[in-house]
1. Which residue pairs have Cβ atoms under 7 Å apart, sit 6 or more places apart or on different chains, and have a first residue in segment 394-408 that is at pLDDT 95 or above and a second that is among the aromatic types (F, W, Y) and part of a loop (DSSP other than H, G, I, E, B)?
2. Where in segment 562-632 are there strands (runs of 3 or more DSSP E), lying fully within it, with 1 or more residues that are open to solvent by 30 Å² or more (accessible area, probe 1.4 Å) and within 22 Å of W378 (Cα to Cα)?
3. May I ask you to list the residues in segment 635-659 that are out of contact with any Pro (no Cβ under 9 Å at 6 or more places or on another chain) and of a type in the set (F, W, Y)?
4. Can you tell me which of A143, A88 is modelled with pLDDT under 60 and buried (at least 17 other Cβ atoms within 10 Å of the Cβ)?
5. Provide a single number: the residues in segment 286-338 that are in a helix (DSSP H, G or I) and either touching a residue at least 24 places away in the same chain (Cβ under 8 Å) or in contact with a helix residue (DSSP H, G or I) (Cβ under 8 Å, 6 or more places away or on another chain) (or both).
6. Might you let me know whether segment 622-630 holds any residue that is among the small types (G, A, S), touching a residue at least 12 places away in the same chain (Cβ under 8 Å) and over 13 Å from S387 (Cβ atoms)?
7. Would you mind telling me which numbered condition in (1) in a helix (DSSP H, G or I); (2) under 37 Å from the mean Cα position of the chain (by Cα); (3) β-branched (V, I, T) T232 fails?
Amino acid sequence: MVSGKRRKIVGTAKKGAAKPNPKAKRSRLRQAVRLVVVTSMVLVLVGLGGLVFLYQSTDLPRTNAGFETETTYVFYDGGTDEVGRFAADQNRESIPLSDMPDLLKDAVVAAENRSFWTDRGLDPKGILRAAFTNATTGSSQGASTITQQYVKILYLTSEQRLQRKLTEAILSLKIQRQMSKQRVLEGYLNTIYFGRGAYGVQAASKTYFGIDAKKLNLRQSAFLATVINNPTRFDPANGKPNRQAARARYQYVLNGMLEMGAINSTQHAKAAKALPKFSERQSQSAYGGHRGHMLTMVRKELIRLGFSEAEVEGGGLRITTTFTPEAMEAAREGVESVRPAGFSTEDLHVGVGMVEPGTGAVRGFYAGQDFLESQINWAVAGGQAGSTFKAFAVAAGIEQGFSLKNQFDGNSPYKLPDGTVVGNQFDRSYGRVDLTRATQDSINTAFIDMTLAMDRGPQSIVDTAVAMGIPPRENDASAPGFPNTSPGLNPNTGVALGSQTVSPINMANGYATLANGGVAAEPYIIERVVDRSGQVRYEHEIETERAVDEDIAADVTYALQQVVEKGSGSAAKAVGRPVAGKTGTATNARKEVSSAWFAGYTPQMSVAVMYVRGKGNEQLKDWLPEYFGGAYPARTFATVMRQALEGQPVEQFPPPANVTGTPPSTGHEPYTPPPPPPPKEKKPTKEKKDDVDPTPTPTPTPAPTTPPTSPIPPPECDLSGCSPPPTPGPGDGDDEGDDGSTDPPGDGENGRRP
């Protein structure tokens with residue numbers, strides 16, 4: 001009974017349900033594994049067969065003739081007039097491996113391919129590591145062995161195509177079988193590019209140290225191994241950031257040599273203390289004047305755009321720039337005709353940047369001195385911006401809801417909430433002033449008051465400046481600009497007073513945004529690049545973006561016109577056409593006047609002029625006869641602009657839009673003049689009596705009295721409204737108001753100059 005019931009219960013299972021069959025499951029798994037194995041083996045065999053076919057069918061191509069280099073030509077805008085050339089013939093002198101010190105060989109292996117002596121020309125682990133890094137970080141890390149690099153230089157090109165990479169790998173395997181490691185290393189060291197136009201270790205040794213390669217010591221050998229990776233970035237002559245990068249890479253090379261056992265710890269410690277001493281860099285006469293500065297800018301920009309050093313130096317490229325002979329000459333003559341006599345270019349540096357509104361094309365610049373005297377380009381290196389930065393604060397303030405008529409505290413000193421005291425130049429007090437007057441007379445305290453009254457005022461000013469064309473503080477390789485960073489551009493309360501470092505070219509580009517109605521364009525210097533075969537390798541596309549509203553740009557322009565018409569920039573009126581601009585005089589941490597500026601524009605051109613001394617951060621006061629931005633910089637601006645626009649039609653600025661909005665805070669309402677007093681009632685005239693004696697009575701002589709005091713001057717009025725009269729102060733009426741910044745004024749180094 002019990003067993004029967006159990007059978008009945010079992011029999012009630014759902015129809016169609018099958019018992020699991022472990023044997024069948026294992027059988028299917030074995031079949032799947034067998035299929036995968038067979039498929040993989042087929043694919044491997046096919047792949048190996050393909051590789052064998054490629055290996056057997058690929059012959060060593062003809063060597064890149066010498067490597068059949070051609071001169072690279074650089075032209076002014078238009079592509080007709082020549083700026084200069086890059087080396088047509090490679091500076092090369094081949095030497096046997098026996099003339100190369102062992103320290104040099106070890107250094108190069110430590111830097112470029114530590115498995116060189118044991119690998120088969122390829123480094124599979126390195127390839128996988130680079131592929132993983134590139135996929136996970138988005139960076140571009142190479143994995144080429146010395147053999148692969150040699151093959152690429154000798155036979156191939158630098159294009160990043162899979163076919164070229166595969167050919168490179170096949171040729172590397174062939175080279176490995178046909179040449180000894182010693183021959184590969186010898187050929188590599190006689191062909192690789194070391195920078196400064198030097199191909200091969202012998203030319204590099206003479207270029208950097210003035211000696212034959214066989215005399216290289218440990219430091220010199222490690223340095224030459226350092227620059228192979230990136231000759232421009234690791235050349236200390238290119239500036240302080242480059243020197244810092246070179247030291248880091250140099251340390252990496254020495255560490256590798258120590259790990260390999262090529263040097264001992266004592267040698268490592270001694271060599272790691274400093275880079276080697278370099279011989280004096282010889283510059284070609286073709287680089288004289290400003291030609292060398294132009295070619296240097298072009299080379300750096302080509303590298304940034306992705307061209308290799310070898311292509312630039314001898315790739316037969318045809319490069320058309322944005323520079324015009326007329327603008328370059330206007331900058332040169334403008335500076336040389338105004339700069340004070342008796343001050344050498346070694347001490348007094350003048351930088352000029354000229355940018356075309358609407359396109360961002362850099363039409364001209366003045367670097368400060370002949371390239372053969374100094375390779376520092378002050379139009380790029382820049383200095384503390386001073387009150388030229390207030391133009392961006394005006395735009396930010398109006399964008400937040402203030403208008404040109406809003407009033408701010410212009411008294412000096414001005415005490416911040418944290419107790420810091422800010423003052424105007426000469427500690428002059430102005431009372432309540434509107435934004436137009438604050439801009440016109442460059443009143444520090446009024447700009448501090450406005451910044452504090454704004455929503456996130458300091459950050460808002462920084463954001464507006466960056467949107468208008470001033471590079472950010474961070475070093476962003478993708479950001480446009482010359483250079484592409486503005487050291488010290490921090491969102492501090494005194495950011496409008498200009499302690500950050502800005503280059504004249506970038507300042508001119510920022511002001512060009514206002515000339516273009518608030519639309520910013522990326523600055524650029526290269527229009528077109530054509531290779532030796534006639535193929536267009538690069539063509540610039542103008543990129544613009546609205547930075548501020550057109551009406552806001554019109555109001556800022558109006559305020560900056562008042563600087564020229566009524567304020568500290570009156571010398572700029574000599575341009576002889578409508579001009580908007582701003583003076584600037586910055587002070588450093590030592591409370592010394594560190595720079596003097598004038599930046600301004602017409603509808604057709606934007607120009608920024610900067611005067612600095614020594615290393616770019618030294619005292620101008622009591623050294624220059626006049627040290628304010630309204631003096632030499634404004635006069636230089638006028639001369640440059642007048643010559644640059646000679647023969648061009650006179651264009652007008654749009655009228656002020658008088659933008660009004662909802663201010664971010666209260667207490668800054670526009671000034672309302674008091675109503676006029678009611679007219680006095682006329683007293684009734686007395687009737688003339690008939691019996692009055694007709695003989696007139698003599699008028700008595702009045703007694704001497706104290707002269708009446710001068711009446712209170714009426715409020716100053718213009719198109720933007722009226723402001724109350726200033727509170728009398730000790731100023732001299734020509735005040736720029738450019739000290740008292742609450743920002744750390746900066747030390748003039750900022751990693752931008754050696």
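The values are calculated or read from the model by the stated rules, or taken from the named source; none is laboratory data. Bear in mind the structure is a predicted one, so any value in this text is a computation, not a measurement. For neighbour counting, all protein chains shown are included, and Cβ atoms are generated from backbone atoms with ideal geometry for every residue, glycine included. To get the accessible areas, we keep the full protein, side chains included, count just its heavy atoms, and leave off ligands, DNA and RNA. Shrake-Rupley method; radii C 1.70, N 1.55, O 1.52, S 1.80 Å.
1. Listed by first residue and then by second, the contacts come to Q407/Y671.
2. Values: elements: 580-587, 593-601, 606-613.
Fully inside segment 562-632 and qualifying: 606-613.
3. F637
4. On the way: A88 fails: buried (at least 17 other Cβ atoms within 10 Å of the Cβ).
After applying the criteria, what remains is A143.
5. Let us first name the residues in segment 286-338 that are in a helix (DSSP H, G or I), namely 286-287, 291-304, 309-314, 325-338.
Checking the rest, the ones that are also either touching a residue at least 24 places away in the same chain (Cβ under 8 Å) or in contact with a helix residue (DSSP H, G or I) (Cβ under 8 Å, 6 or more places away or on another chain) (or both) come to 286-287, 291-304, 309-314, 325-335, 337-338.
Looking only at that region, the number is 35.
6. At the first step, the residues of segment 622-630 found to be among the small types (G, A, S) are 629-630.
Next cut, touching a residue at least 12 places away in the same chain (Cβ under 8 Å) only: 629-630.
Imposing the further condition that a residue be over 13 Å from S387 (Cβ atoms) reduces the set to none.
Scanning segment 622-630, I find no residue that is among the small types (G, A, S), touching a residue at least 12 places away in the same chain (Cβ under 8 Å) and over 13 Å from S387 (Cβ atoms), so the answer is no.
7. It is condition (1) that T232 fails.
Rundown of residues vs (1) out of contact with any strand residue (DSSP E or B) (no Cβ under 7 Å at 6 or more places or on another chain); (2) open to solvent by 50 Å² or more (accessible area, probe 1.4 Å), yes/no style:
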{"residue": "F637", "(1), (2)": "no, no"}
{"residue": "Q648", "(1), (2)": "yes, yes"}
{"residue": "V659", "(1), (2)": "yes, no"}
{"residue": "P664", "(1), (2)": "yes, yes"}
{"residue": "G667", "(1), (2)": "yes, no"}
{"residue": "P670", "(1), (2)": "no, yes"}
{"residue": "P675", "(1), (2)": "yes, yes"}
{"residue": "K680", "(1), (2)": "yes, yes"}
